[in-house]
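Notes to accompany the following structure.
The values are calculated or read from the model by the stated rules, or taken from the named source; none is laboratory data. Bear in mind that the values here come from a model prediction, so they are computed numbers and not experimental data. Because the Cβ atoms are built from the backbone with ideal geometry, glycine has one as well, and the counts that use them run over all protein chains shown. Note: areas computed on protein heavy atoms with side chains; ligands, DNA, RNA excluded. Shrake-Rupley method; radii C 1.70, N 1.55, O 1.52, S 1.80 Å.
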Amino acid sequence: MAAVLQVTVHRGTAGARRAERFEVPSEANQTVLDVVSWIQQNADPTLSYRFACRVGMCGSCAMMVNGVPRWTCRTHVQKVVDRGRNGGRDGGRIEIGPLANLPVIKDLAVDMAPFFDKWVAAGAHHHPTATRADAPSPVRPDSAAREVANAGIECINCAVCYAACDTVAHNPDYLGPAALQRAWTLLNDDRDGGHEAILDAVSGFGGCHNCHSIGSCTLRCPNELDPMTAIAGLKRASARRVWRRG
Amino acid sequence: MLDVRLYLAQRITALLMVPFVLVHLAVIVWAVQGGLTAAEILSRTQGSPFWMLFYGGFVVAASVHGAIGLRVIAHEWLGLRGRVLGGLTLGLGLVLLGLGMRAVIAVVVA
Ligand code: SF4
Ligand code: SF4
Ligand code: FES
């Protein structure tokens, strides 16, 4: 008999949460998103969840998997399954829930609005300096600032880091690793005209100085980005500015 | 709940405390050689502007540093915010300052 995964899915709306058990056929090459899709297609069509690209590009499929935030479309079940005491002969156990630190809409779908609102609050949006009539400004790929910016630009806005961050959990005003990392990349981008605005935005009571530098964000980022180091850069830059201004 | 100024105040006081702690420990190690009495300690500190400034500075730095650290805990673990949090930060700072200064006065004022 083929192995069967014992899957617990945390469901319901914000006020009425419940855990449901499903038995899902275990496959050799199976992602956590495959498991969720199997449940929705074969067991309960009312299961709500999000995904789009299935190849780790869009950032929409993040969920808690056995208590850890992950991009489910690129997380192999075999790498994260809890095999329990019998060595996983029964297929193992897996617990899937909505992303932490964000309000639940229904089942596995969370409201991403607070996450994106904080990108704006962190000044993490382009502040243009030119119009379409101007020549494109040259970007020197080997300049030191560009290399720093490049290190953080491949963010897919998946909010895995945000769900992993204990500071976000305990300090709801904290802007969080993803927004601050984008603020840092823009601060290192010659084409951005809002460097002072960015430093103002990250220097307030919800800003970069609340980060405890434990690095859960960096540990969990599926794209292997390093928001913790980006935030350390913002702390330095903002502190230096206070110094300069006196 | 730290902005850049509270953050800097906490980091700078931490830096200031490094020499304070080292000198404090070094003096302890040096002073206990051959026994330790209250009279011996007081003979060193009483009426000494150096030790008054040294421990006065130490207490100010520790009060600022400690109050900001407790502020973070009060926000993240007790959920305090706004004016309550601000009042608590200031209150804790003043209590630490008061207790510390009381001790400083006790050992330097003859
Ligand atoms: S290093 Fe900072 S941003 Fe990253 S998880 Fe820790 S507190 Fe959050
Ligand atoms: S920094 Fe990494 S974990 Fe955070 S949103 Fe971007 S890609 Fe996702
Ligand atoms: S579905 Fe697009 S990143 Fe997972």
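For the reader, a short list of remarks on this structure follows.
- Overall Cα dimensions of the protein assembly as shown - principal axes, largest extent first, Å: 87, 65, 38
- GNM on chain A, alpha-carbon springs under 10 angstrom: the most fluctuating residue among A:Ala130, A:Ala149, A:Ala169 is A:Ala130.
- Aspartates and glutamates whose Cα lies under 13 Å from that of A:Lys79, excluding same-chain neighbours fewer than 8 positions away: A:Glu27
- Ligands, DNA and RNA left out, the 1.4 Å accessible surface of the protein assembly as shown is 61% carbon and sulfur atoms.
- Volume per residue of the C-alpha convex hull in segment A:112-245, rounded to whole Å³: 113
- Here the simple spin-label model places points 7 Å from the Cα toward Cβ, and for A:Asp142 and B:Arg102 these points are separated by 6.6 nm.
- Gaussian network model of chain A, Cα within-10 Å springs - most flexible of A:Ala232, A:Ala135, A:Ala164: A:Ala135
- Nearest-10 value in Å² for the accessible area of B:Glu76, using the 1.4 Å probe: 20
- Net +/- balance of residues flanking A:His126 in space, Cβ distance below 9 Å, scoring K and R +1, D and E -1: -1
- The aspartates and glutamates whose alpha-carbon is closer than 19 Å to the alpha-carbon of A:Lys118, local same-chain residues fewer than 8 away aside, are A:Glu154, A:Asp166, A:Asp173, A:Asp192, A:Glu196, A:Asp200, A:Asp226, B:Asp3, B:Glu76.
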